[in-house]
Amino acid sequence: GNESFKWSSLPFDSASELEVLKKERETLLEEISSKKQHLEGLVTQSIALKNLVEMNKRRAEEVPQGKRIQLPFVVVSTSKDAVIECEMAENQSDIFFNFDRPFELHDDTEVLKRLNLHMATRSSLESFLPGPVLNFVPPELILPEDVVAPPATVPAANELVPASPES
């Protein structure tokens, strides 16, 4: 027999459906890329903190307890001619700064990177990072195996942060 079918649903527009799927795919790829960048940042921070702990263990005798810098911290840089007003809340929980010139803030992770503490050998990384996370270590952060420790030299304060435009 000759049977006939009657289509009773909305017509399927493959071109617009394909466009919707392409946009969804693009959104998901952007999300993956953003999460990958975030994970790489966290891995870099983990490496830097691990190296800082190791460096501090080696130098524990050299630096008296009262002279040690606590984490987290922020470095503020501005022109040497800047006038800075500083005010602390009574409960000492907030500090207010007022600058008459431009200034820059540098968090502890950025400072640790400038000290080259964000790099490590593959074997060192394997000792403290879970296997799957190793895939997210940026290749430029992996040192040759013959390097015992990152070259962590403590620069002078003016080398630590870039000079502000007005200095």
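Under 14 Å from the Cβ of R25, count the other residues' Cβ atoms, weight Lys and Arg +1, Asp and Glu -1, and hand me the total.
On the way: positive: K22, K23; negative: E17, E19, E24, E26, E30, E31.
Taking every Cβ under 14 Å from that of R25, the sum is -4.
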With every protein chain left in place, what is the accessible area of H38 in Å² (1.4 Å probe, nearest 10)? 120
Phi to ³J(HN,Hα) by Karplus 6.51 cos²θ - 1.76 cosθ + 1.60 over region 62-74, Hz, x for Gly, Pro: 6, 10, x, 3, x, 9, 7, 8, 8, 9, x, 8, 9
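Of the trypsin sites (Lys or Arg not before Pro) in region 62-97, which ones lie in a loop per DSSP and count no more than 11 other C-beta atoms within 10 Å? Don't jump to the answer; show the numbers that get you there.
Numbers: sites: K67, R68, K80; in loops: R68, K80.
In loop regions of region 62-97 (DSSP not H, G, I, E or B), the sparsely surrounded trypsin sites (Lys or Arg not before Pro) are R68, K80.
Please compute the per residue accessible area over region 35-107 with all protein chains in place, 1.4 Å probe, rounded to a whole number of Å².
Details: 5760 Å² over 73 residues.
The answer is 79 Å² per residue.
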Determine the share of region 4-91's accessible area contributed by carbon and sulfur atoms, expressed in whole percent, with a 1.4 angstrom probe. 56
Amide H contacts of L143 (H built 1.01 Å from N, under 5 Å, at least 5 apart or other chain): A120, T121, R122
Measure off 7 Å from each Cα along the Cα-to-Cβ vector at Q92 and F73, then give the distance between these two points in nanometres to one decimal. 1.8
DSSP loop chymotrypsin sites (Phe, Trp or Tyr not before Pro) in region 70-121 with at most 15 other Cβ atoms within 10 Å of their Cβ, which ones? F73
Around R101, which amide H atoms from residues at least 5 apart in sequence, or from another chain, sit under 5 Å from its own amide H, with H modelled in the peptide plane? V83
For region 1-117, with the dipole built from +1 on Lys and Arg beta-carbon atoms and -1 on Asp and Glu ones, taken about the Cα centre, which of Q37, S14, I69 lies farthest toward the positive end? I69
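The values are calculated or read from the model by the stated rules, or taken from the named source; none is laboratory data. Note that this is a predicted model, so its numbers are computed, not measured. As a convention, Cβ positions derive from the backbone with ideal geometry for all residues, glycine included, and neighbour counts pool all protein chains shown. Remember, those area values only see protein heavy atoms, side chains included, never the ligands or the DNA or RNA. Shrake-Rupley method; radii C 1.70, N 1.55, O 1.52, S 1.80 Å.
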